[in-house]
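Peer 1: Let me begin by handing over the structure; questions about it come next.
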Amino acid sequence: MNSLKFYIILLSLLNIAIIILAQEDANYLYQICENATTSTMNSTYRVNLNLVLSSLASNATRNNINGFYNTSFGQSTDQVYGLFICRGDVSNTVCQNCVTFATKDVVQRCPIGIASIIFYDACHLRYSNRNFFSKVDQNPSFSLANTQNTTNEPQRFNNLVATSVNDSATQAASASPGAKKFAVNETYVDGFQNIYSLAQCTPDLSSFDCNKCLRAVIARLPICCSSKIGARVYSPSCYIHYEITEFYDATAVAEESVPPPPLPPVTLPVPEGKSGVSIVLIIAIVIPIAVTIVLFCMGFCFLRRRARKTTYSVPENDVEDEMATVESLQFDLSTLETATDNFSADNKLGEGGFGEVYKVWKHWRDGTPLEVLDPTLTDTYSRNEVIRCIHIGLLCVQEDPAIRPAMATIVLTLDSYSVTIPLPQEPAFFFRSTITDEVNTSSKEFLSDQSKTKSADYSVDEASITEVYPR
């Protein structure tokens, strides 16, 4: 009986110690709780919220997420979105302890809120009933400032602070996609103490949005924290922090910035004894074989190319007789041969590389519409806006003109996200064909009278095609 009591007391002490360590790692700063709309404890939304918090806590133990994770559960109005982000210089253990503590602490501090953000020194956690992933949110924001002011040239000190935090913001925003958008900076000027600054964004933001967010919080420094020897400004998507003492783990930052060492070169063991003779023998055998293979390949390619030229050569007289009157002929035969790989069947119209291409429609059906986006725009676009524009564009080129949206509808859809957009149907396409003046003309007459051939444009949707005239 005494031993059982001892184990119970020991387990209780361990739990208390774990809670204390977690609180030390967390170091609570501030919480924003949206109570305008509340959720009951037994509602579907509350169940989904518990699933989100549980998922965040379990994924905080992973080592390959760069201190950031987001997830969602539920559907429609009961869907819950959540994420956590840890400060870029903290260890995995500190990050795990902070997130685990935050998932329990946030429901205690905001028991009936439908959305909340809770901030700690090592991490912050957020959940809401609206999708905020990959979107920059500058509000609500808050600031924390040291009570002590600098006594040495306040204006110069403020200028140095601005330089330091702006340098940190530039470095953080320029991080590659998927990497931590986190940076620190140390500024030193004669006659002043060092100024240490830190800037960080959630990694799901583009470089453009990260920079925009950080510039907004930096703009608040002169309002809240002028001449303060230390301050920080937080928003849901980013924050900045500066002090006159080193408050971040410089060692951890340095380790992350150093690239991994290159792999040692692989050396093959050389057999002892008659190694010299073996190498000479190998060289004597390999080099002639290699030269023979190269010469054979060159000869084969030359003969094949010559055969192709012979097969597709056309007498000049035939070309002049049969094609001289065709108005659409704009390139000479050699150019066409080069462009079509000697009229390869792989490039046959409608079947090969020059056939009908439904690039956007194919990616839309496959669920990968962003594949049509210019790769140079990777960091400067909003995913939802791009998909919406592609969606509207496909509606405008549907096969049936009667179901295409009017211009007023398009303008309204672009201006308002509350408009429901119908699913697009397969787009129309154009093709080119030739017809003769006489339908019952024999093939022989057709071949001998190609000058009568006319070129006409047709559309699958049977819409008329207006011929363009210069003004």
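The values are calculated or read from the model by the stated rules, or taken from the named source; none is laboratory data. Quick caveat, the model's predicted, so the values are computed rather than measured. As a convention, Cβ positions derive from the backbone with ideal geometry for all residues, glycine included, and neighbour counts pool all protein chains shown.
Peer 1: Mind checking which residues of region 389-420 are part of a helix (DSSP H, G or I), farther than 23 Å from residue 370 by Cβ and in contact (Cβ under 8 Å) with a residue 12 or more places away in the chain?
Peer 2: Once the filter is applied, which keeps residues that are part of a helix (DSSP H, G or I), farther than 23 Å from residue 370 by Cβ and in contact (Cβ under 8 Å) with a residue 12 or more places away in the chain, region 389-420 yields 401, 403.
Peer 1: Quick check on residue 116: is it surrounded by fewer than 22 Cβ atoms within 10 Å (Cβ to Cβ), modelled with pLDDT under 95 and part of a strand (DSSP E or B)?
Peer 2: Answer is yes for this residue.
Peer 1: Only one of these is at pLDDT 60 or above, outside any helix (DSSP H, G or I) and touching a Lys or Arg at 6+ places or on another chain (Cβ under 6 Å): 66, 35, 42. Name it.
Peer 2: 66
Peer 1: Any idea which of (1) modelled with pLDDT of 90 or more; (2) surrounded by fewer than 22 Cβ atoms within 10 Å (Cβ to Cβ); (3) part of a loop (DSSP other than H, G, I, E, B) is the one residue 111 doesn't satisfy?
Peer 2: Answer for residue 111: the failing condition is (1).
Residues are listed down the side, and each one gets a yes or a no for (1) within 21 Å of residue 240 (Cα to Cα); (2) buried (at least 22 other Cβ atoms within 10 Å of the Cβ):
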position: 77; (1), (2): no, no
position: 80; (1), (2): no, yes
position: 88; (1), (2): yes, yes
position: 91; (1), (2): yes, no
position: 99; (1), (2): yes, yes
position: 130; (1), (2): no, no
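Peer 1: Considering only region 139-235, give the helices (runs of 4 or more DSSP H) lying wholly within it that have at least 2 residues that are closer than 19 Å to residue 126 by Cβ.
Peer 2: Details: elements: 154-173, 207-218, 221-224.
Because the criterion is at least 2 residues that are closer than 19 Å to residue 126 by Cβ, the helices (runs of 4 or more DSSP H) in region 139-235 that meet it are 207-218.
Peer 1: A further question on this structure: Can you tell which of 409, 441 is more than 30 Å from residue 340 (Cα to Cα) and either in the same structural domain as residue 174 (by TED's automatic domain parsing) or modelled with pLDDT under 75 (or both)?
Peer 2: Only one candidate qualifies: 441.
Peer 1: If I ask for residues that are in contact with a Pro (Cβ under 7 Å, 6 or more places away or on another chain) and in a loop (DSSP other than H, G, I, E, B), which ones from region 359-388 would you list?
Peer 2: Answer for region 359-388, where residues must be in contact with a Pro (Cβ under 7 Å, 6 or more places away or on another chain) and in a loop (DSSP other than H, G, I, E, B): 378, 379.
Peer 1: Take region 375-387 and flag every residue that is loosely packed, with under 13 Cβ neighbours inside 10 Å and over 12 Å from the mean Cα position of the chain (by Cα).
Peer 2: In the first step, residues of region 375-387 are kept if they are loosely packed, with under 13 Cβ neighbours inside 10 Å; the result is 375-378, 380, 385.
Answer for region 375-387, where residues must be loosely packed, with under 13 Cβ neighbours inside 10 Å and over 12 Å from the mean Cα position of the chain (by Cα): just 385.
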